[in-house]
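Structure record follows, encoded as structure tokens.
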């Protein structure tokens, strides 16, 4: 676990920055500091929390926000499926704990390290996950506490912290030209969907499915996508 905890620290620092920004903005659309902290610990999915808060700010409906966040979290079906070998041999309780602390950052890091060394496994995932969920919960709560006392901060462009964080994460997952077409298709479908008024969460899911479909076709026809 120590190896994973230490390896994730640079990513955790970045998550703390946009976690703090998320807490600030969440507080300013009506969320309490303890509500933001509870969401961070219980949901632990930054992108879906961001989309859910944006949806709540627009519609003021809890159900709509929950559905938007849940739709974006559908990607975790594929993420958890990819961890089947990593989690093999663990008890059900340990597997559920590992799944809960798995986020985009520590999943990507675990898979990248596992590609280099097959010895990387559940301990690495858990160690990095414990650090990420702790940092995320503390930073979002701190941001919410500060956001309740500060003026409107959206005009300073803090919302772009989320975009920058996910751009950096996507860059880390890039494996070269064979991925170009699926990525372009996914991005194009997402942009077109949002331009026609589809909620962002559903547009992202649709774009993801489109990219996966292109990947499947390329593999079936002999195209190399890694």
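The values are calculated or read from the model by the stated rules, or taken from the named source; none is laboratory data. Since the structure is predicted, the reported quantities are computational estimates derived from the model, not experimental observations. For neighbour counting, all protein chains shown are included, and Cβ atoms are generated from backbone atoms with ideal geometry for every residue, glycine included.
When the range 52-68 is limited to residues that are buried (at least 21 other Cβ atoms within 10 Å of the Cβ) and farther than 17 Å from residue 144 by Cβ, the one that is modelled with the highest pLDDT turns out to be 55. Residue check: residue 152 meets all listed conditions (1) modelled with pLDDT of 80 or more; (2) closer than 21 Å to residue 52 by Cβ but one, namely (1).
Against the conditions (1) farther than 27 Å from residue 126 by Cβ; (2) at pLDDT 85 or above; (3) surrounded by fewer than 23 Cβ atoms within 10 Å (Cβ to Cβ), residue 3 satisfies every one except (1). Residue count for the range 178-208 under the criterion of being modelled with pLDDT of 85 or more, surrounded by fewer than 15 Cβ atoms within 10 Å (Cβ to Cβ) and assigned to a helix (DSSP H, G or I): the result is 6. Among the residues of the range 7-60, those identified as touching a residue at least 60 places away in the same chain (Cβ under 8 Å), over 17 Å from residue 71 (Cα atoms) and not in a helix (DSSP H, G or I) are 8, 31, 32. Selection over the range 98-124 of residues that are assigned to a helix (DSSP H, G or I), within 19 Å of the chain's Cα centre (by Cα) and crowded, with 16+ Cβ neighbours inside 10 Å gives a count of 12.
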